[in-house]
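Okay, so here's the structure we're looking at.
Each value in this text was obtained by applying a stated rule to the coordinates, not by laboratory testing. None of the values given here were measured: they were computed from a predicted structure. Counting neighbours? That spans all protein chains shown, and the Cβs are built from the backbone with ideal geometry, glycine included.
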Amino acid sequence: MKDKKISNLIKKEEKRQREGIELIPSENYASSEVRKVLSSYYVNKYSEGYPKKRYYGGNENVDQVEILCQERAKELFKVPFANVQPYSGSPANLAVYLATCHPGDVVSGQALIAGGHLTHGHHVSATGIYYKTFQYGLIKEHVYDGKVDDLFDYEQIKKIAKTYQPKLIWVGATAYPLIIHFEKFAKIADEIGAYLAADIAHIAGLIAAGVHPSPVPYVHIVTTTTHKTLRGPRGAMIMVTEKGIKKDPDLPDKINKAVFPGLQGGPHDNQTASIAVALYEASQPSFKRYARQIVKNAKLLAKVLVDGGLKVVGGKSENHLILVSLAKVLGPGGGIFAQKALDLVGLTLNKNTVPDEPSSPFYPSGIRLGTPAATTRGMKEKEIKVIGKMILEVIDLIKPYRLPTNKKERKDYIVKFEKEIKTKKEVKELRQQVKKLALRFPIP
Ligand code: DSN
């Protein structure tokens with residue numbers, strides 16, 4: 001490659017991915033075929049419009065790619081309609097608003113702090129700026145005790161629905177470790193005649209494999225990204241269910257118009273082709289085994305962390321992720337220390353707010369981790385136990401540190417923290433252990 005700077009940065013990223021263990025629950029390793037198709041000649045094409053209704057010539061092959069991709073999505077998720085053009089999850093969700101609501105209409109979704117997504121109506125997102133949002137949360141009382149299998153506060157959801165009559169209700173999360181009972185949301189949405197949209201970005205692969213219940217019988221619209229548990233390229237899809245078509249026969253058309261020309265220009269045809277490959281892969285029996293193993297691994301990882309004295313949301317994991325509160329161990333805002341120290345040993349995860357967050361989204365008190373990527377590499381219970389123990393060791397090492405309450409002192413304190421941690425003998429040893437383990441499991 002002539003561009004030495006980018007070539008060097010690609011090599012560095014490859015090394016980072018090979019020698020570390022990826023635990024961010026929304027990341028994964030796409031297959032080499034998925035990556036190859038992304039750089040195919042479809043990268044060169046423009047094709048505004050939809051199959052057989054394009055604004056440019058030369059789309060005879062693109063049409064077939066897009067139709068194939070739609071058909072595979074429909075078959076995998078058992079829906080009658082799929083739009084495979086959204087560039088990613090946030091534009092896909094915004095298209096749903098555009099298709100179902102007018103600016104200023106009332107909508108409801110899970111609060112970010114309770115594990116929802118920005119696009120479910122957070123005030124800094126366009127969805128919270130252009131629509132009037134009322135957000136719901138979790139039952140605080142049982143967040144960590146592991147005594148209940150469903151943490152959603154249905155009384156609150158019902159009250160919002162009855163009082164404010166949202167036109168659109170979102171169900172789906174980015175940081176929720178338990179099975180989602182879509183039927184309970186449907187009961188509330190149906191009572192007030194609202195559209196119910198499930199954002200299954202995190203759990204799409206688990207649903208496709210049948211290891212997490214599908215929202216399809218209960219909701220009108222399903223959105224998903226394609227690069228998380230579904231293990232494809234960056235991208236997203238919007239699907240309409242039979243129930244959605246029954247409620248509003250024009251819904252597929254409204255979704256299409258919202259995506260293009262409402263929000264987007266030309267679809268990324270290389271992305272569409274690559275999503276089609278990922279959907280093919282997700283329909284294979286090996287994908288079912290993969291998804292089952294993701295859940296087994298996450299359950300075990302949660303148990304190792306709980307047995308090691310950490311508080312995890314739900315007291316367990318039933319899907320692919322674990323949300324840990326470190327507020328007691330590292331104080332408010334302590335997630336930053338855990339993320340940085342674990343990064344230094346080669347275990348990558350992200351700091352995250354917890355439902356009873358005592359700090360802020362930038363300095364949250366928890367960490368979020370998961371098993372989709374490690375499972376893709378072939379890691380199973382034996383390796384997961386080792387990873388869990390290493391996480392506990394790192395957290396133990398950083399227990400003396402506390403985020404300064406004075407905001408001006410924070411930056412310097414974190415720099416000092418990193419310097420001190422980097423030189424610790426235990427950290428250097430753990431880094432070598434992680435590297436050795438990671439290299440035994442090649443990335444695709
Ligand atoms: N950024 C994604 C996640 O990490 O969950 C959500 O968009």
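State the extension gain, in nm to one decimal, for the chain segment bounded by K389 and M1, taking 0.36 nm per residue of separation less the distance between their alpha-carbons. Please report the intermediate quantities before stating the final value.
Working: separation 388, 0.36 × 388 = 139.68 nm, distance 4.12 nm.
Extra length available between K389 and M1 comes to 135.6 nm.
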> Near E429, within a Cβ-to-Cβ distance under 12 Å, what is the net charge of the other residues, with Lys and Arg +1 and Asp and Glu -1?
Replying inline: +4
> Which values of log₁₀ I(q)/I(0), to two decimal places, follow from the Debye formula for the chain at q = 0.12 Å⁻¹ with a uniform point scatterer at every Cα?
Replying inline: -1.05
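Going by C-beta contacts inside 10 Å, put T353, T163 in order with the fewest on the left.
On the way: T353 25, T163 10.
Ordered from fewest to most neighbouring Cβ atoms within 10 Å, T353, T163 come out as T163, T353.
Only bridges whose two residues both fall in the chain count here: according to DSSP, what percent of them are antiparallel, nearest 5? It would help to have the intermediate numbers written out before the result.
Details: 21 of 37 bridges.
Beta bridges within the chain, antiparallel portion: roughly 55 percent.
In what sequence do F77, F441 fall when counting other Cβ within 10 Å, fewest first? List each step's numbers first, then the result.
On the way: F77 22, F441 16.
Going from least to most buried by this count: F441, F77.
What number does segment 84-124 give for Rg over Rh if you use C-alpha atoms and the Kirkwood radius? Don't jump to the answer; show the numbers that get you there.
Values: Rg = 10.8 Å, Rh = 11.0 Å.
Value, to two decimals: 0.98.
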> What ranking of V304, V43, V143, V219 emerges when the number of other C-beta atoms within 10 Å of each C-beta is taken as an exposure proxy, fewest first?
Replying inline: V43, V304, V143, V219
>> For the chain, what does the relative contact order come out to in percent, with C-alpha contacts under 8 Å and a separation of six or more?
In response: 21 percent
> So, in nm, how far is label K408 from label R16 when the simple model puts each one 7 Å beyond its Cα toward the Cβ?
Replying inline: 3.3 nm
>> From the convex hull of the Cα coordinates of segment 95-165, what is the mean projected area in square nanometres?
In response: 5.1 nm²
> What percentages, rounded to whole numbers, describe P(r) for segment 335-442 computed over all alpha carbon pairs with 5 Å bin width beginning at zero?
Replying inline: 2, 11, 21, 22, 19, 13, 8, 3, 1
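Would you please classify the overall shape of segment 394-444 from the alpha carbon gyration tensor, given that a ≥ b ≥ c denote the square roots of the eigenvalues, rounded means a/c under 1.5, and beyond that prolate means a/b larger than b/c while oblate covers the rest?
Values: a/c = 3.17, a/b = 2.35, b/c = 1.35.
In terms of gyration-tensor shape, prolate.
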> Just in segment 104-181: which trypsin sites (Lys or Arg not before Pro) are loop by DSSP and have at most 13 other Cβ atoms within 10 Å?
Replying inline: K147
>> Using a Debye calculation, one point per C-alpha and no hydration shell, please list log10 I(q)/I(0) for segment 146-228 at q = 0.13, 0.22 Å⁻¹ in order.
In response: -0.40, -1.08
> What number comes out for the charge environment of G49, summing +1 per Lys or Arg and -1 per Asp or Glu over other residues with Cβ under 15 Å away?
Replying inline: -1
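Rounded to the nearest 20 debye, what is the charge dipole size of the chain about its Cα centre when +1 sits on each Lys and Arg Cβ and -1 on each Asp and Glu Cβ?
With only Lys, Arg, Asp and Glu charged at Cβ, the dipole is about 1600 debye.
Taking R0 as 41 Å, what FRET efficiency do you get between R440 and Y46 from their Cβ-Cβ distance, rounded to the nearest 0.05? Don't skip to the answer; put the middle values down first.
Working: r = 44 Å, r/R0 = 1.08.
That pair, R440 with Y46, gives E of 0.40.
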>> If I model a spin label at D343 and E242 as a point 7 Å from the Cα along the Cα→Cβ vector, what separation in nanometres do I get?
In response: 4.8 nm
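Restricting to DSSP H runs of at least four residues, report the calculated mean residue ellipticity at 222 nm for the chain, -39500 (n - 2.57) per run over all residues, nearest 500 deg cm²/dmol. Mind showing how you got there, number by number?
Working: 18 runs with 199 residues, N = 444.
Helix contribution divided over all residues of the chain: -13500 deg cm²/dmol.
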> How would you classify segment 312-365 from its alpha-carbon gyration tensor, with a ≥ b ≥ c the square roots of the eigenvalues: rounded for a/c under 1.5, else prolate if a/b is greater than b/c, otherwise oblate?
Replying inline: oblate
>> Which residue, H220, A194, Y176, has the largest displacement toward the positive end of the dipole of segment 168-254 when charges sit on each Cβ (Lys, Arg +1; Asp, Glu -1)?
In response: Y176
> Cα centroid distance between segment 54-123 and segment 145-173, in Å?
Replying inline: 23 Å
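Taking 1 over the mean of 1/r across every pair of different Cα atoms in segment 86-219, what Kirkwood radius in Å do you get?
Numbers: mean 1/r = 0.0670 Å⁻¹.
It is 14.9 Å.
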> Given q = 0.27, 0.32 Å⁻¹, what are the Debye log10 I(q)/I(0) values for segment 361-410, with equal point scatterers placed on the Cα positions and solvent ignored?
Replying inline: -1.09, -1.22
> So, in nm, how far is label S39 from label E60 when the simple model puts each one 7 Å beyond its Cα toward the Cβ?
Replying inline: 2.9 nm
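So if each residue of separation counts as 0.36 nm, and I subtract the Cα-Cα distance between N8 and D396, what length gain in nm does that give? Working shown, then result.
Details: separation 388, 0.36 × 388 = 139.68 nm, distance 3.55 nm.
Between N8 and D396, full extension yields an extra 136.1 nm.
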> Using only Cα atoms, what is the ratio of the radius of gyration of segment 232-331 to 2.2 N^0.38 Å?
Replying inline: 1.59
> Which percent of Cα-Cα pairs in segment 215-282 sits in each 10 Å bin, short to long?
Replying inline: 19, 42, 36, 3
